[in-house]
1. So how much slack lies between V8 and R29, counting 0.36 nm per residue of separation and subtracting their Cα-Cα distance, in nm?
2. Hey, what do the phi angles of the range 16-27 turn into as Karplus ³J(HN,Hα) couplings, whole Hz, using 6.51/-1.76/1.60 and θ = phi - 60°, x for Gly and Pro?
3. Over 19 Å between C-alpha atoms is what I'm after, so list which of K64/K102; K20/K94; K69/K94; K62/K94 land there.
4. With all protein chains present and a 1.4 Å probe, how do F17, F86, F58 order by accessible area, largest first?
5. What full-extension length gain, to one decimal in nm, is calculated for N104 and S70 as 0.36 nm per residue of separation minus the Cα-Cα distance?
Amino acid sequence: NLLLPDGVPPERQWARFYVKIYRAEGLPRMNTSIMANVKKALIGENKDLVDPYVQVAFAGQKGKTSIQKSSYEPLWNEQIIFTEMFPPLCKRIKIQIRDSDKVNDVAIGTHFIDLRKISNEG
(Lines give C-alpha, C1' and ligand atoms only; values in the text may rest on other atoms or scores of the structure.)
Protein backbone atom coordinates (compact mmCIF):
# COMPACT_ATOMS: atom_id res chain seq x y z
CA ASN A 1 0.00 0.00 0.00
CA LEU A 2 1.65 3.21 -1.16
CA LEU A 3 -0.31 5.30 1.33
CA LEU A 4 1.27 3.72 4.42
CA PRO A 5 4.21 5.62 5.94
CA ASP A 6 7.63 4.00 6.13
CA GLY A 7 7.91 1.53 8.99
CA VAL A 8 4.19 0.71 9.18
CA PRO A 9 3.55 -2.93 8.31
CA PRO A 10 1.06 -3.50 5.46
CA GLU A 11 -0.78 -6.13 7.52
CA ARG A 12 -2.07 -4.57 10.69
CA GLN A 13 -4.39 -6.00 13.32
CA TRP A 14 -7.47 -4.37 14.79
CA ALA A 15 -7.11 -3.02 18.30
CA ARG A 16 -9.30 -1.32 20.89
CA PHE A 17 -8.18 1.97 22.38
CA TYR A 18 -9.70 2.81 25.77
CA VAL A 19 -9.82 6.45 26.88
CA LYS A 20 -10.87 6.79 30.51
CA ILE A 21 -12.37 10.09 31.60
CA TYR A 22 -12.46 10.56 35.36
CA ARG A 23 -13.20 14.17 36.25
CA ALA A 24 -12.54 17.83 35.60
CA GLU A 25 -11.53 20.52 38.07
CA GLY A 26 -11.60 24.30 38.02
CA LEU A 27 -14.02 24.82 35.14
CA PRO A 28 -14.83 28.48 34.51
CA ARG A 29 -18.14 29.97 35.51
CA MET A 30 -19.79 30.86 32.27
CA ASN A 31 -23.17 31.11 30.67
CA THR A 32 -23.52 30.67 26.93
CA SER A 33 -27.25 30.18 26.71
CA ILE A 34 -29.23 32.84 24.85
CA MET A 35 -32.28 32.12 27.02
CA ALA A 36 -30.20 32.57 30.18
CA ASN A 37 -29.09 36.00 28.95
CA VAL A 38 -32.74 36.90 28.28
CA LYS A 39 -33.71 35.74 31.79
CA LYS A 40 -30.86 37.78 33.22
CA ALA A 41 -32.01 40.90 31.35
CA LEU A 42 -35.73 40.49 32.17
CA ILE A 43 -35.87 39.14 35.70
CA GLY A 44 -32.31 39.61 36.94
CA GLU A 45 -31.63 35.88 37.28
CA ASN A 46 -27.88 35.40 37.03
CA LYS A 47 -26.83 31.75 37.13
CA ASP A 48 -23.48 30.84 35.67
CA LEU A 49 -24.53 27.30 34.86
CA VAL A 50 -22.09 24.94 33.16
CA ASP A 51 -23.31 21.59 31.82
CA PRO A 52 -19.99 19.96 30.89
CA TYR A 53 -19.22 16.85 28.93
CA VAL A 54 -16.03 15.53 27.33
CA GLN A 55 -15.73 14.84 23.61
CA VAL A 56 -12.83 12.66 22.43
CA ALA A 57 -11.74 12.45 18.77
CA PHE A 58 -9.33 9.80 17.48
CA ALA A 59 -8.61 8.58 13.94
CA GLY A 60 -11.75 10.14 12.45
CA GLN A 61 -14.01 8.80 15.21
CA LYS A 62 -15.73 10.72 18.02
CA GLY A 63 -17.11 9.69 21.37
CA LYS A 64 -18.45 11.63 24.34
CA THR A 65 -19.31 11.26 27.99
CA SER A 66 -22.62 11.96 29.64
CA ILE A 67 -23.57 15.58 30.44
CA GLN A 68 -23.13 16.64 34.07
CA LYS A 69 -25.79 19.26 34.79
CA SER A 70 -24.76 22.43 36.65
CA SER A 71 -21.32 21.21 37.71
CA TYR A 72 -18.00 23.02 38.00
CA GLU A 73 -16.15 19.90 39.16
CA PRO A 74 -17.85 17.07 37.26
CA LEU A 75 -17.11 13.41 37.97
CA TRP A 76 -17.71 11.06 35.04
CA ASN A 77 -15.66 7.92 35.66
CA GLU A 78 -16.53 6.77 32.12
CA GLN A 79 -14.57 5.26 29.27
CA ILE A 80 -14.78 5.76 25.53
CA ILE A 81 -13.67 2.91 23.28
CA PHE A 82 -12.30 3.29 19.77
CA THR A 83 -11.61 0.41 17.37
CA GLU A 84 -8.78 1.12 14.94
CA MET A 85 -5.94 -0.65 13.17
CA PHE A 86 -2.71 -1.06 15.13
CA PRO A 87 -0.40 0.74 14.91
CA PRO A 88 -2.75 3.65 14.21
CA LEU A 89 -1.90 6.16 11.51
CA CYS A 90 -3.33 8.93 13.71
CA LYS A 91 -0.64 10.42 15.95
CA ARG A 92 -2.75 12.16 18.59
CA ILE A 93 -6.01 12.10 20.54
CA LYS A 94 -8.08 15.27 20.86
CA ILE A 95 -9.85 15.77 24.18
CA GLN A 96 -12.27 18.65 24.52
CA ILE A 97 -14.42 19.75 27.44
CA ARG A 98 -17.62 21.30 26.15
CA ASP A 99 -20.56 23.14 27.72
CA SER A 100 -23.84 21.61 26.58
CA ASP A 101 -26.39 24.16 25.40
CA LYS A 102 -29.75 23.82 23.66
CA VAL A 103 -28.69 26.21 20.89
CA ASN A 104 -24.96 25.64 20.43
CA ASP A 105 -22.38 23.69 22.48
CA VAL A 106 -19.30 25.72 23.37
CA ALA A 107 -15.74 24.44 23.84
CA ILE A 108 -14.35 25.23 27.30
CA GLY A 109 -10.93 23.68 26.78
CA THR A 110 -9.03 21.51 24.30
CA HIS A 111 -5.99 19.29 24.77
CA PHE A 112 -4.12 16.97 22.43
CA ILE A 113 -2.36 13.82 23.65
CA ASP A 114 0.60 12.78 21.49
CA LEU A 115 0.53 8.98 21.20
CA ARG A 116 4.32 8.84 20.76
CA LYS A 117 4.76 10.31 24.26
CA ILE A 118 2.57 7.71 25.97
CA SER A 119 3.51 4.62 23.87
CA ASN A 120 6.38 2.18 24.01
CA GLU A 121 8.78 2.03 21.08
CA GLY A 122 7.71 -0.46 18.41
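1. On the way: separation 21, 0.36 × 21 = 7.56 nm, distance 4.53 nm.
Separation in residues times 0.36 nm, less the Cα-Cα distance, equals 3.0 nm.
2. 9, 10, 9, 10, 9, 10, 9, 7, 10, 10, x, 5
3. Values: K64/K102 17 Å; K20/K94 13 Å; K69/K94 23 Å; K62/K94 9 Å.
With Cα atoms farther than 19 Å apart: K69/K94.
4. Details: F17 40, F86 110, F58 5 Å².
Per-residue accessible area, sorted high to low, gives F86, F17, F58.
5. Working: separation 34, 0.36 × 34 = 12.24 nm, distance 1.65 nm.
In short, 10.6 nm is gained.
The values are calculated or read from the model by the stated rules, or taken from the named source; none is laboratory data. Source: prediction; values computed, not measured. What goes into the accessible areas is simple: the full protein's heavy atoms, side chains included, and nothing from ligands, DNA or RNA. Shrake-Rupley method; radii C 1.70, N 1.55, O 1.52, S 1.80 Å.
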